[in-house]
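Enquirer: First the structure, which I've put down as structure tokens, then a few questions once you've had a look.
The values are calculated or read from the model by the stated rules, or taken from the named source; none is laboratory data. A quick note: this is a predicted structure, and the numbers were derived from the prediction, not measured. Cβ placement follows ideal geometry from the backbone for every residue including glycine, while neighbour counts extend to all protein chains displayed. Each accessible area value is taken on the protein alone, full model and side chains, heavy atoms only, with ligands, DNA and RNA left out. Shrake-Rupley method; radii C 1.70, N 1.55, O 1.52, S 1.80 Å.
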Amino acid sequence: MSVGIDDISFYSSSLYIPLAELATRYGIDPEKYRVGLGQEEMAIPAVDEDIVTMGASAAWPVIDDDNRDSVGTLLFATETGIDQSKSAGVYVHRLLGLGSNCRVVELKQACYSATAAIQMACALVARQPEKSVLVIASDIARYGLGTPGEATQGCGAVALLVKANPRLVEVHPETGCYSEDVMDFWRPNYMDTALVDGKYSTIVYLKALRQSWKHYQQAGGKVFSDFSRFCYHLPFAKMGEKAHRKLAVTCGESMSDELFAEQTGSGLIYNRKIGNSYSASLYIGLLSMLENDSEDLSGRHIGLFSYGSGCVGEFFAVTVQPGYRAYSRRQAHVDRLESRQALSYDEYALLFEHQYPRVDGEHDFPEMTDGRFRLAGLHDHKRIYTETGAR
Ligand code: HMG
């Protein structure tokens, strides 16, 4: 029996700012963002969107009357927590109409936690193959106006259904991990923007990649040349490209520009338009590859590197399943990105400054999202989620 990812769907806000607009405002050469970071656009959440509404919207197409009852566990990965106690997943459990015997929990380790969720999901399915596990990763990346990290913000969510005999990719059991207590990026409970030592974070990312790969090799993993494609955690697309060059050098491989682009390029397409979606980013990259690669990847191996600041890294592999293209949701995802509304800098700055009330009372939020679910308000410190009727 193989275990892996049977279905994937993503959601991102209907609002974005072109990075050229940001560059113009700050008097920066737009090529710094387009070429230097590899980014074109950055998704901005509406005021009535959060990790719950984005996560539920991502998962909505994946769950239907035929599979709802077989979801035995919902794992919600995020570093944009909305409550110190209650899991964001419990709200999503209700919005999706999942069964009352489904266990729900939230996981946190910066951008890495969705990978921990996938590994746990595979173990759960191996034990109970008739059940599936719904993994949702949902995050909003915020650094602050005028900070070096500003151009690497973004938001998005991805839903992955982990099952026995999956239709999309089988997840291999060999895996390589690396953990170290470092302060490259963190967000204290009293802040709603992240603190980051930007340049240092890129160095730690690459160290974690080398160490995870080394451990993956010790665990009996495949060698570099066994892989057709590679996906990396993408705080910005250029980071994935730097990582791939570093891994190739570590493995003593030299490659042409064409081969380099072939091995990584299709995985960067969606992230260039969404920006950093933290825990969701690696899996939006995998989805981008499966949906946009010009070759049929059936039977090919893809290497994945997951990184979460603080830090934890993991390298592991998947094999693309024959016939995977028949289950693609590409058109819906492309339509989603193409129908978004561009914001001016002033509109973006106004949204950025929006604060959720921290005092008791009845607070209702303006209807702004075009997603299926919205955060309608905060009443007596309770979050009120509703359906908009959008499809
Ligand atoms: P910066 O100071 O804005 O940028 O910081 P820079 O001056 O280093 O320039 C960036 C690149 O643009 C450079 O290329 C420049 O040469 C190039 P590089 O040397 O790196 O190859 N450049 C140009 N290219 C073309 N035309 C031009 C031009 N000008 C400059 N005119 C930094 C960049 C990423 C540090 C900043 O944006 C930041 O702090 N971002 C947030 C932290 C981050 O994303 N770290 C990544 C690794 S850690 C991670 O991935 C975890 C994370 O997702 C969080 C989590 O785990 O939860 C962040």
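Enquirer: Looking only at the chain, where both bridge partners belong to it, what percent of the DSSP beta bridges are antiparallel (to the nearest 5)?
Expert: Details: 51 of 69 bridges.
Bridges in the chain are about 75 percent antiparallel.
Enquirer: Moving to a separate point now. Quick one: among 328, 13, 288, which has the greatest mean-square fluctuation in a GNM of the chain with alpha-carbon springs under 10 angstrom?
Expert: Sorting by GNM fluctuation, first place goes to 328.
Enquirer: Taking all protein chains as present, what is the carbon and sulfur share of the accessible area of the range 29-70, in % to the nearest whole number, probe 1.4 Å? Intermediate values should be presented prior to the final figure.
Expert: Working: 740 of 1570 Å².
Looking at the range 29-70 in its full context, I get 47 percent from C and S.
Enquirer: Please state the relative contact order of the range 318-380 as a whole percent: Cα pairs under 8 Å, 6+ residues apart?
Expert: Numbers: 22 pairs, mean separation 14.0, N = 63.
Relative contact order, the range 318-380: 22 percent.
Enquirer: Tell me, what is the FRET efficiency for residue 24 and residue 255 to the nearest 0.05, using R0 = 35 angstrom and their Cβ-Cβ distance as r? Walk me through the intermediate numbers first.
Expert: Values: r = 36 Å, r/R0 = 1.03.
My answer for the efficiency is 0.45.
Enquirer: Report the one residue of 17, 104, 63 whose Cα lies farthest in the direction of the positive end of the charge dipole of the range 5-115 (charges on C-beta: Lys and Arg +1, Asp and Glu -1; origin at the Cα centre).
Expert: 104
Enquirer: First check a/c for the range 338-391, with a ≥ b ≥ c the square roots of the eigenvalues of its C-alpha gyration tensor; if it is under 1.5, answer rounded, and if not, answer prolate when a/b is larger than b/c or oblate otherwise. Don't skip to the end; give the middle numbers.
Expert: Working: a/c = 3.96, a/b = 1.28, b/c = 3.10.
Here the range 338-391 falls in the oblate category.
Enquirer: Find the relative contact order for the chain and round it to a whole percent, using C-alpha pairs within less than 8 Å whose residues are 6+ positions apart.
Expert: 25 percent
Enquirer: Let me ask you something else. Report, in whole Å, the centroid distance computed from the Cα atoms of the range 1-75 and the range 195-267.
Expert: Answer, in whole Å: 22.
Enquirer: Moving on. I'd like the GluC sites (Glu not before Pro) in the range 195-291 restricted to DSSP loop residues with at most 14 other Cβ atoms within 10 Å, sorted by number.
Expert: 253
Enquirer: Projected onto the charge dipole of the range 147-220 (+1 at Lys/Arg Cβ, -1 at Asp/Glu Cβ, origin at the Cα centre), which of 165, 190, 215 gives the Cα projection farthest towards the positive end?
Expert: 165
Enquirer: Can you spot the lysines whose alpha carbon is less than 21 Å from residue 214's alpha carbon? Ignore those fewer than 8 places along the same chain.
Expert: 222, 242, 246
Enquirer: Of the chymotrypsin sites (Phe, Trp or Tyr not before Pro) in the range 123-203, which ones lie in a loop per DSSP and count no more than 13 other C-beta atoms within 10 Å? Before the final figure, lay out each step's value.
Expert: Working: sites: 143, 178, 185, 186, 190, 200; in loops: 143, 190.
Those satisfying the criteria are 190.
Enquirer: Taking the Cα centre of the chain as origin, work out the dipole magnitude from +1 charges on Lys and Arg Cβ and -1 charges on Asp and Glu Cβ, in debye rounded to 20.
Expert: Values: 38 positive and 50 negative charges, 176 e Å.
Charge dipole, the chain, about its Cα centre: 840 debye, nearest 20.
Enquirer: Among 280, 126, 243, which one shows the biggest mean-square fluctuation in a GNM of the chain, springs joining Cα atoms closer than 10 Å?
Expert: Largest GNM mean-square fluctuation: 126.
Enquirer: For 60, 213, what's the largest-to-smallest order of accessible area, 1.4 Å probe? Don't skip to the answer; put the middle values down first.
Expert: Working: 60 70, 213 15 Å².
I get 60, 213, largest accessible area first.
Enquirer: 5 Å is the cut-off here: which amide hydrogens, built 1.01 Å from N in the peptide plane, fall below it relative to residue 311, excluding neighbours closer than 5 in sequence?
Expert: 180, 181, 182
Enquirer: Identify the GluC sites (Glu not before Pro) of the range 58-146 meeting these criteria: DSSP loop state and at most 16 other C-beta atoms within 10 Å of the C-beta. The partial results should precede the final answer.
Expert: On the way: sites: 79, 106, 130; in loops: 79, 130.
Loop-located and lightly packed - 130.
Enquirer: Antiparallel versus total DSSP beta bridges in the range 196-342: what percent is that, nearest 5?
Expert: Details: 8 of 12 bridges.
The answer is about 65 percent antiparallel.
Enquirer: Which distance in nm do the two modelled labels at residue 1 and residue 64 give, with both placed 7 Å along the Cα-to-Cβ direction?
Expert: It is 2.4 nm.
Enquirer: Which shape class, rounded, prolate or oblate, goes with the range 51-112 when its Cα gyration tensor gives a ≥ b ≥ c as root eigenvalues, a/c under 1.5 marks rounded, and past that a/b bigger than b/c marks prolate? Don't jump to the answer; show the numbers that get you there.
Expert: Working: a/c = 1.99, a/b = 1.68, b/c = 1.19.
Taking the square roots of the gyration eigenvalues as a ≥ b ≥ c, the range 51-112 is prolate.
Enquirer: How high is the relative contact order of the range 140-263, in percent, counting Cα pairs under 8 Å that sit 6 or more residues apart?
Expert: Working: 97 pairs, mean separation 27.6, N = 124.
22 percent.
Enquirer: Based solely on its DSSP helices, what 222 nm [θ] is calculated for the chain when runs of n ≥ 4 H residues each add -39,500 (n - 2.57) and the sum is averaged over all residues, nearest 500 deg cm²/dmol? Kindly include the intermediate steps, with their values, before the conclusion.
Expert: Values: 11 runs with 119 residues, N = 391.
Using -39500 (n - 2.57) per qualifying helix, the result is -9000 deg cm²/dmol.
Enquirer: How much accessible area per residue does the chain have, in Å², with a 1.4 Å probe? Walk me through the intermediate numbers first.
Expert: Values: 16220 Å² over 391 residues.
On a per-residue basis, the chain sits at 41 Å².
Enquirer: Taking all protein chains in place and a 1.4 Å probe, what share, in percent, of the accessible surface of the range 219-342 do carbon and sulfur account for? Can you show the working numbers first?
Expert: Numbers: 2050 of 4370 Å².
Carbon with sulfur: 47 percent of the solvent-accessible area.
Enquirer: Please name whichever of 339, 205, 88 sits farthest to the positive end of the charge dipole of the chain, dipole taken about the Cα centre and charges placed at Cβ: Lys and Arg +1, Asp and Glu -1.
Expert: So the residue furthest toward the plus end is 205.
Enquirer: Hey, which lysines would be in cross-link range of residue 273, C-alpha to C-alpha under 17 Å, not counting anything within fewer than 8 residues on its own chain?
Expert: Candidates past the 8-residue exclusion: 32, 238.
Enquirer: Then there's this: Would you give the gap between the C-alpha center of the range 114-130 and the C-alpha center of the range 347-372, rounded to a whole Å?
Expert: What the calculation gives is 36 Å, centre to centre.
Enquirer: Separate question: Looking only at 45, 18, 357, which one moves most when the chain is put into a Gaussian network model with springs between Cα atoms under 10 Å?
Expert: Of 45, 18, 357, the Gaussian network model singles out 357 as fluctuating most.
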